[in-house]
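Here, each number is a calculation from the coordinates, and none is a lab measurement. Predicted, not measured: the structure shown is a model, and the values here were computed from it. Virtual Cβ from ideal backbone geometry, glycine too; neighbours counted across all protein chains shown.
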Amino acid sequence: MLTALMQALYVSAMNGLDGVIAAETNLSMVDGERGELVIAGFAVEELAANATFEETAHLLWYGALPETSAFRDDLARRRSLPPGALDLLAAAARAKVDTMDALRIAAGTVSLRGAKSDDEQARDLLAALPTVVAVYWRLLNGRDPIEPRADLGHAANYLYMLTGAVPSVEAVRGLETYLNTVVDHGLNASTFTARVIASTGSDLVSAIVGAIGALKGPLHGGAPGPALDMVFELGSAERAESYLRKKIEAGEKLMGFGHRVYKVRDPRADVLAAAAERMFRRGGDLALYDLARAVEWISIRLLEEYKPGRRLQTNVEFYTALLLHGLGLESALFTPTFAVSRAGGWIAHAFEQRRADRIIRPQSRYVGARDRRWADATRTASGRITEAEAEPCSR
Ligand SMILES: CC(C)(COP(=O)(O)OP(=O)(O)OC[C@H]1O[C@@H](n2cnc3c(N)ncnc32)[C@H](O)[C@@H]1OP(=O)(O)O)[C@@H](O)C(=O)NCCC(=O)NCCS
């Protein structure tokens, strides 16, 4: 009995590779027990609030901060999309596909530029992804796309291409803080995907397209939107306690709380909360921020009351939603904006995997049948079975 239980636990952990160390990295360290995230040697709190996104990408890719503006200028020159990408995005907008699907479709067109080296492809990708999201978003909403501006930084240009207005210094700092905060986070599913593809010797564009596909899944890229919906639904802090109690008692999860790795407060939540507070304060209206803060503390108290010992704390999604909403982004743009940032980490991991120079090729343990005979399997009472009658099998 005990053996069967242990076997089941082993298989479920193995299916998710829980606790398996599959790579060595210099890029980020996640300590879920202590609530620490280190990115390229810097505590996330320090890096996120100070670096530009280009500096963070340079740091991750080349191991040091840039000494000149050459990297930033080079990225700025690579922002325009090839005509083929615009045609595809226009077709995607007519079909009203999800923005992450449009991003996945158009990211592959970076190959049309013909860059051969990893470094050139990496720069083309990082520069083009914000353009893809902004162009698609505008087409989807019946507006003309806006040409990128090379005189603006990566984050400022992204907001500019989305809205058509040059953003304030505060808005740019808010977005850069977000992009730096979520750029890398250990061996998460999309990063692992990028590393597996890079390990086969395939190109960087393929690695990033695969990673976008992995990030799109609701179990990974998540849905920061619902965390904010909960705050909006509430409307006032007075209603929070009874509303949240009802939700927990009905067996619902409170969005923006709990994490598979962090058993204390996700350090990214604090960085994003501080950035959101700065932005809302400068905007002169702290009402939504104060409400979110109140909802957060009531939620944590109630989760401890209803789920004692589970250590359910605020996760990154809660303040992502608040910060990106404060920047004027609609919730459908939250996950694509996450991808715009995480691409910096994916590429750094792909570079690292190239240096490891070994294909990632784990093994599976066969638990299927071994004693089938062809004649038995294809014979039924009336003769050979048809394809439609056959059991589906996974290919
Ligand atoms: C993130 C998440 C999937 C982690 O899941 P996990 O590590 O598998 O956590 P578990 O499912 O083991 O949770 C342990 C217990 O806490 C409960 N729980 C976990 N997160 C909860 C939440 N946000 N609200 C209410 N209860 C929660 C579970 O129902 C479970 O209860 P039980 O022991 O009575 O069955 C989960 O916390 C969750 O769904 N959170 C809400 C969605 C969210 O914010 N996602 C973004 C993550 S960055």
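Structure notes:
- Between region 287-318 and region 230-256, the C-alpha centres lie 10 angstrom from each other.
- Summarised as an ellipsoid, region 63-122 has semi-axes of 28, 13, 11 Å, derived from the eigenvalues of the Cα gyration tensor scaled by 5 and square-rooted, with the largest first.
- Potential lengthening between Ser331 and Arg77 on full extension [0.36 nm per residue; Cα-Cα distance subtracted]: 88.5 nm
- Of the residues Val44, Val97, Val367, the one that moves most in a GNM of the chain with alpha-carbon contacts below 10 Å is Val367.
- With both labels modelled 7 Å from their Cα along Cα-to-Cβ, the Lys246 to Trp297 distance reads 2.4 nm.
- Total formal charge among the other residues, if their Cβ is under 12 angstrom from that of Glu24, Lys/Arg +1 and Asp/Glu -1: +2
- Relative to its residue count, region 202-356 spans a Cα convex hull of 126 Å³ per residue.
- Contour excess over end-to-end distance, with Cα ends at Val166 and Arg149 and 0.36 nm allotted per residue: 5.1 nm
- Stokes-Einstein translational diffusion, region 193-274 - Kirkwood Rh over all Cα pairs, 1.567 mPa s, 4 °C, in µm²/s: 82
- Region 300-339: equivalent-ellipsoid semi-axes (sqrt of 5 x gyration tensor eigenvalues, Cα, Å): 28, 10, 7
- The GNM of the chain, with springs linking C-alpha atoms under 10 angstrom apart, assigns the highest mean-square fluctuation among Gly344, Gly251, Gly213 to Gly251.
- Plainly put, region 124-202 has a radius of gyration that is 1.06 times its Kirkwood radius, both from alpha-carbon atoms, as the Rg/Rh ratio.
- All alpha carbon pair distances within region 91-222 were sorted into 10 Å bins beginning at 0; the resulting P(r) in whole percents reads 12, 37, 40, 11, 0.
- Applying both filters, DSSP loop and at most 13 other Cβ atoms within 10 Å, to the trypsin sites (Lys or Arg not before Pro) of region 276-338 gives Arg310.
- Number of Lys pairs (Cα under 28 Å; 8 or more positions apart or on different chains) in the chain: 12
- The per residue volume of the convex hull around the alpha-carbon atoms of the chain is 205 Å³.
- Three principal axis extents of region 108-147 based on alpha-carbon atoms, in descending order, are 37, 15, 15 Å.
- Within a Gaussian network of the chain (alpha carbon springs, distance under 10 Å), most fluctuating of Leu126, Leu244, Leu187: Leu244
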